[in-house]
Each structure stands twice: as C-alpha cells, then as structure tokens.
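Chemist: Encoded as structure tokens, here's the structure I'll be asking about.
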Amino acid sequence: MQAIKEKFESLFEDAADRKQLDDLRVKFLGKKGTVTTLMQHMKDIPNEEKKEFGQSVNALRQSIQQKLEQGIEELEARLLKKKLENETIDVTLPGRQRPIGGKHPLQHIIDGIEDIFVGLGYEVYEGYEVESDYYNFEALNLPKSHPARDMQDSFYISNETLLRTHTSPVQARVLNAAKGKGPIKIICPGKVYRRDSDDATHSHQFTQIEGLVVDKNISLADLKGTLELFLKEIFGQDREIRLRPSYFPFTEPSVEVDVSCFKCGGKGCNVCKQSGWIEILGAGMVHPNVLEMAGFDSNEYSGFAFGMGPDRMAMLYYGVEDIRHLYTNDLRFLEQFKYIEERGVKHESI
Ligand code: 2NL
C-alpha cells in the first residue's frame, strides 16, 4: 500500500492537465484500478487482520480521491488565471461599426401624413390586402355590372376574392361595423394592387391613404377646410388649393384637389408641368348609397372621403423619377435616404 501511495504521488506531481488527472483516477480508483484490485486480496488475509486491511485500503482510496479533487481545483484555477492573463482587453481599440438601417422614403411620407391626421383626432385602420368583392366594390356603390370597375383592373383570387384595388374596403368595413351610428373619423394607409404593366409611373403594387369622416351635418366646406389644412401642413403654409369637379362612384359630388406648386409657387416649372398646380387628391361627399348599404340613414348622416397616392407624393418630394425605385430595394437608392430622421427633415421643409 505504501508503494501504491508513493507511485500515485509521484505520478500526481507530474500530471499537467485535466486528462492526465482523469487517467490517474481510472488507473488507481477505476473498476480495474490498483486500489480496487487490492480489495480482491481480502480473501487471502487472516480474519483478525481483515478489519485493519479494509480500513487501510479505504484510507488509501480516500487520500487518493481527495488529492485528485484538490488537483482538479488547482488545475482549473491555474488555467483560468492563464486565460485571464492572455485575454486582456485593449479598451483603446476603436469599436466595431454596426450598419443600421433607415426609414424607407415612402414610409416616411406615409408616417408624416398619418401624424397630421392623428393630430386632428383621426384613427388609423389598416384592414386586409386580400378582400372580398363585396367590400372592395359592391359596398362602394360599384355593383358587378358597373362600368367603373374597368378603371381598376384587378387581381382576382376567386370570383369573390381579390387583392384590394384601393384602401376603400377598410373604410367600408369600419362604416359597416359602426351599425348606423357616427361619428367616424379615420384614415386608412396601405398597399393596394392593380393589374398594370410596370413602368416609370405605374406599379402593379402601390400605396394609398384614404380618409373618411361621417357625422351629422358634415358638408363640402368641412372637406375643403380639412384638405386645405392638410395640404398646407405638408407643402407649406403659403400654398393655395383648388377644387375641380370629378367623378368617383362612391362620392357625390366628387372633386379633384390641386395644390399650388411647391417648387415655383404657381408660376409654372418642370415639377408642375408649367401649370402652377399639382393634382394630389381625389375626394367627395360620401354617396348616399354607400351610407345606406352600411346601415346609415343618409337623411340623418353625411360624410366626406378622400384618397391620395403616397408613391407619387414621395416621388415629388424626393425627386424620384421612377416609381419602381420605391419597390425594388436597390441599396444604392435606399441608402440615400438613410439619414432622413437624423437630419430632422420634416414635411414642412418641402
Ligand atoms: C383617389 C381618390 C377617393 C374615396 C377615395 C371613399 C371611401 C368610402 C366612401 C366614399 Cl368608404 N369614398 N373613398 C372617395 C373619393 C376619392 O380616392 O384619387 N385616390 C388615390
């Protein structure tokens, strides 16, 4: 036993890593280890010495075990110390640059428009991009045979389901959910889809923002006042607006709303195509049929609605010449707008 002990101690002194310590444990304490096999000699020991023999073997086992445990602890402490010494951090090194994104120019326009209307007490609704024929057309006074459906070539999924061609179905749903009781004051931004050949000014997917106000005693004067405030907020307080008669199936009367050119102030330039005016919104008084279909009494309630295209507004605002730049995610294009927020450029500055 003394020899075993000395042998272990000398090997233990030389052990340099965890593996060598583990090997020592197997060699001495494992199933076929030196100390374990000692016990098999018990049968050769005279009875009166058996007890002392057993105790000695156990003492030897314990001392080896303790040494090994202590060895592992010391070894790990040594390794940690070495690791810490090698891993000193140079706090004077420059930090790593992490590229951060920026808001998409189109989203910047949409957010700016939303902010203005939210400031006027409007709520924002988003609705569904896959719509029913009913909410996209019928509820908006566009029955199945109506010729004005031709103005919006559509992507049908089935006879009754399509990709919405405008954000009006969001408003039709809100109207319907109100169960004939006002007031309603909402704006609905979102993606819309029309079957079109893509070119510099057409995209089969684009965005719209529509607004709807329904209450008692709403008149065309409310429509005009609201849109004048909105357009001056966006294009500058010294802009003027003008209303021209127009046609939409869901409004009567209907108007086109122009704003005096923000670039030349109305004198005529390349932005307004020498006219001094920029066409920016379609609008009108909600058609009584639309109100009645949603369960409103059109003698008691009236409303106005309007729609605009943020794509065209973004193109005007940033001087983008091809609408496809807004959708094809070319980083060379997008990175030019990375710091919109940081520069603090707001809609007033247009
Ligand atoms: C445009 C014109 C417009 C509406 C949208 C609307 C919605 C309901 C009822 C009545 Cl629920 N009208 N929306 C009305 C007039 C014009 O959009 O040029 N959009 C880009």
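Chemist: Quote the FRET efficiency, to the nearest 0.05, computed for residue 195 versus residue 292 with a Förster distance R0 of 25 Å and r equal to the Cβ-Cβ distance. Spell out each step's value before the answer.
Modeler: Working: r = 31 Å, r/R0 = 1.22.
Taking R0 as 25 Å, the efficiency between residue 195 and residue 292 is 0.25.
Chemist: Helix by helix through the chain, keep the DSSP H runs that span 20 Å or more along the axis on Cα and average at least -0.5 on Kyte-Doolittle, and give those back in order.
Modeler: Values: long enough: 47-86 (59 Å, -1.21); 105-119 (21 Å, 0.61); 220-235 (22 Å, 0.72).
Counting only whole DSSP H runs, the qualifying helices are 105-119, 220-235.
Chemist: Next up: Going Cα to Cα from residue 185, which lysines come in below 16 Å? Please leave out same-chain ones fewer than 8 positions away.
Modeler: 216, 224
Chemist: Tell me the carbon and sulfur percent of the accessible area for the range 269-336, rounded to whole percent, probe radius 1.4 Å. Kindly include the intermediate steps, with their values, before the conclusion.
Modeler: Numbers: 1560 of 3290 Å².
Roughly 47 percent, rounded to a whole number.
Chemist: Kindly report, to the nearest 10 Å², the accessible surface of residue 166 as traced by a 1.4 Å probe over protein heavy atoms only.
Modeler: The accessible area comes out at roughly 0 Å².
Chemist: Report the label-to-label distance for residue 72 and residue 219 in nanometres (one decimal), using points 7 Å from each Cα along the Cα→Cβ vector.
Modeler: Going from the residue 72 label point to the residue 219 one covers 9.1 nm.
Chemist: Kindly provide the helix-only [θ] at 222 nm of the chain, computed as the sum of -39,500 (n - 2.57) over DSSP H runs of four or more divided by all residues, to the nearest 500 deg cm²/dmol?
Modeler: Values: 12 runs with 138 residues, N = 350.
Theoretical 222 nm ellipticity from helices: -12000 deg cm²/dmol.
Chemist: Counting residues in the chain as N, plug N into 2.2 N^0.38 Å and put the Cα Rg over that result. Can you show the working numbers first?
Modeler: Values: Rg = 40.1 Å, N = 350, 2.2 N^0.38 = 20.4 Å.
Working it through for the chain, the quotient is 1.97.
Chemist: Additional query: Just the accessible area per residue of the range 156-240, please: how many Å² with a 1.4 Å probe?
Modeler: On the way: 3880 Å² over 85 residues.
On a per-residue basis, 46 Å².
Chemist: Could I ask something else about it? Before anything else, pin down the relative contact order of the chain: Cα pairs under 8 Å, at least 6 apart, normalised by residue count, whole percent.
Modeler: On the way: 521 pairs, mean separation 54.5, N = 350.
The normalised contact order for the chain reaches 16 percent.
Chemist: Here is a follow-up. Quick one: of 32/67; 5/82; 5/31; 267/338, which pairs are farther than 25 Å apart, Cα to Cα?
Modeler: Beyond 25 Å between Cα atoms: 5/82; 267/338.
Chemist: Now, a different point. Could you tell me which residue out of 4, 318, 169 lies farthest along the dipole of the chain toward its positive end? Charges go on the beta carbon: Lys and Arg +1, Asp and Glu -1, centred on the Cα centre.
Modeler: The Cα lying farthest towards the positive end belongs to 4.
Chemist: Here's something else I'd like to know. Only loop residues by DSSP count here, and only those with at most 14 other Cβ atoms within 10 Å; note down the trypsin sites (Lys or Arg not before Pro) in the range 158-211 that meet that.
Modeler: Details: sites: 164, 173, 179, 181, 185, 191, 194, 195; in loops: 164, 179, 181, 194, 195.
Sparse-neighbourhood loop trypsin sites (Lys or Arg not before Pro): 179, 181, 195.
Chemist: What relative contact order, as a whole-number percentage, does the range 77-215 give when Cα pairs under 8 Å and 6 or more residues apart are counted? Mind dumping the intermediate values first?
Modeler: Numbers: 174 pairs, mean separation 30.6, N = 139.
Averaging sequence separation for qualifying contacts and normalising by length gives 22 percent for the range 77-215.
Chemist: Could you pull the accessible area for residue 48 with a 1.4 Å probe, rounded to 10 Å²?
Modeler: Probe radius 1.4 Å; accessible area of residue 48 about 150 Å².
The values are calculated or read from the model by the stated rules, or taken from the named source; none is laboratory data. Note that the structure is predicted; figures quoted are calculated from it, not measured. Heads up, the Cβs are rebuilt from the backbone with ideal geometry, glycines too, and the neighbour counts pull from every protein chain shown. Note: accessible area is taken over every heavy atom of the protein model, side chains too, but ligands, DNA and RNA are not part of it. Shrake-Rupley method; radii C 1.70, N 1.55, O 1.52, S 1.80 Å.
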